[in-house]
Each structure stands twice: as C-alpha cells, then as structure tokens.
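The structure under discussion appears below in the form of structure tokens.
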Amino acid sequence: MIERNIKLTIEYKGTAFAGWQIQDGPRTVQAEVTEAIRKVTGETVDVVGAGRTDAGVHALGQVANFHITHSLEAGRFREALNYHLPDEIRVKDSREVPEAFHARFDAKYRRYRYLLAREKSAIYRELRWENPIEFDFARLQLAAAMVLGEHDFGPFCVTASLKEDNRCRIDYSRWYNVGPLWVYEIRGNRFLHSMVRSLVGGMVNLATIKADNNMHNLTLERFGSIIAAQCDERVVFTAPACGLYLVQVGY
C-alpha cells in the first residue's frame, strides 16, 4: 500500500500533561495523539512534533506529522482524531504533505508567547503566570531588545540539555500590554530547553521594582553581558511553565 505523510496542527492545555514527548508512565501529548491515531487506523505510527514542549507548557499551533498507509482522506483525520482525544487536546487541521516533510527539521521558525498577569484569577490561573509584583515596563522592553540577533543562549538553557552549538537567531522579541496582561512574544529559528522561560524569568527579575526576598536583582547590564557572552554567569530565574504557549511554527 502507498504510504502517505499527514500533517497535523494541534492545540493543547499543557497543565494536563508531562510535556509533549512520550515518557514511561506520565501522561504526554505525543502519547495521546499516537494512541488516537492507532484507534482510528489500527496502525502504530511515529508522531513527530515541531516543538518538544515541557510539562505544563501549552500550544496553540503545534505542528506534527506521521506516515501511514490507511486510506482515510487527510482532511477527515481532524474530526476522527478529536473523537478519541481528551478534551485538553484538539486537532485544528489535518492535511497531506509531501513525503519528505518533517515537522521538526523543516521548521524555519517557531513563535512563542508568554502571559504574565498582574492580578489573580480563580479561572485562568493555570493559563498564565500570576505575579502581582510591580514592574518597570520600560526595562522589560529594553531587555527584550537585547535578545534580538544571533547569540549563544546556553546560559538560558537547562544545563543537562546543553548542546555543542547553543546559538539561536531571534528576529522578534517584544513585550506589550493587553488589559491586565503583560505579553511577551519571541520568534526564532530554534530554542533551547527552557530558554524562553529563563529569558522571561530574567527579564521580570531585572524589571521588578519591589523584588521578592527570594530573588536576586539582575541588572540590565548583567543581562546584556550574559547574552553577549561576556561573562560565564547563568540565568536561574525560570518563569512558570503555565504562562508559555507555542503559538506558531513556520515553514
């Protein structure tokens, strides 16, 4: 039978899962999608995701692909998979793509969004970082501008996940205000493990007017020096996973 390559666009609420990637034991998004495909087609496939999001991280536009011989029309996978998937995962689009398409390796850029709330909510607390501390918004913007360009982001990565090449190219990095939310958007060709959360944590720390007693103040100068690789310091202020969203993957 002819093997086809199916591309999915997926959204999910990350707080319900131990991340994207299949693990022994914990509930993961990749495992749920793989099992739904098996229920629909009877085939066990390898589902490749564009971004291996961490535990608690959400997605509005995760992209995945898998190869299959089943004859189901590509556009019908969306409805069929959603029937078997838990409510926290929805397939937004399904389509057939060229045989060589690879969701991860063919991605030209990934766009992430981080939501920071200045007030607490009983409804939305799992979907954003609720931090009522007062911030200097101008300092956030200055720090975001420092992230632009190509840099070695190793100091913003979990040590165990460091690679030989930790350079990433960032072409968009900006904070903006939407009602009670402060929103950070970043787009780049690649991201290291926990990199966006470490960037957000560092920026929030340096912009905090009344610093929490458990946090050490990070200056703009030190932040810039770390990004420019002018010192060996690491950023250890990691923002909570609940505020981070994989918004878009571009090809």
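Among all residues of region 71-85, there is at least one that is in a loop (DSSP other than H, G, I, E, B) and loosely packed, with under 14 Cβ neighbours inside 10 Å. Kindly establish whether Glu35 is acidic (Asp, Glu) and under 25 Å from Arg187 (Cα atoms). In short, no. Residues that are part of a helix (DSSP H, G or I) and either closer than 18 Å to Arg76 by Cβ or not acidic (Asp, Glu) (or both) within region 10-34 comprise Gly14, Thr15, Ala16, Val29, Gln30, Ala31, Val33, Thr34, listed in sequence order. Taking the criterion of being buried (at least 16 other Cβ atoms within 10 Å of the Cβ), farther than 19 Å from Tyr245 by Cβ and without any contact (Cβ under 8 Å) to a residue 12 or more places away in the chain, the only residue of region 1-50 that qualifies is Ala31.
Quick check: anything in region 129-140 closer than 16 Å to Leu244 by Cα, among the basic types (Lys, Arg) and assigned by TED's automatic domain parsing to the domain that holds Glu185? Taking every residue of region 129-140 in turn, none turns out to be closer than 16 Å to Leu244 by Cα, among the basic types (Lys, Arg) and assigned by TED's automatic domain parsing to the domain that holds Glu185. Residue pairs whose Cβ atoms lie under 6 Å apart, separated by 6 or more positions or on different chains, with the first residue in region 76-104 and assigned by TED's automatic domain parsing to the domain that holds Thr28 and under 15 Å from Ala59 (Cβ atoms) and the second among the acidic types (Asp, Glu) and assigned to a strand (DSSP E or B), are Arg90/Glu11; Lys92/Glu11.
The values are calculated or read from the model by the stated rules, or taken from the named source; none is laboratory data. Computed from a predicted model, the values in this text were never measured in an experiment. Cβ sites come from the backbone with ideal geometry, for glycine too, and all protein chains shown count toward neighbours.
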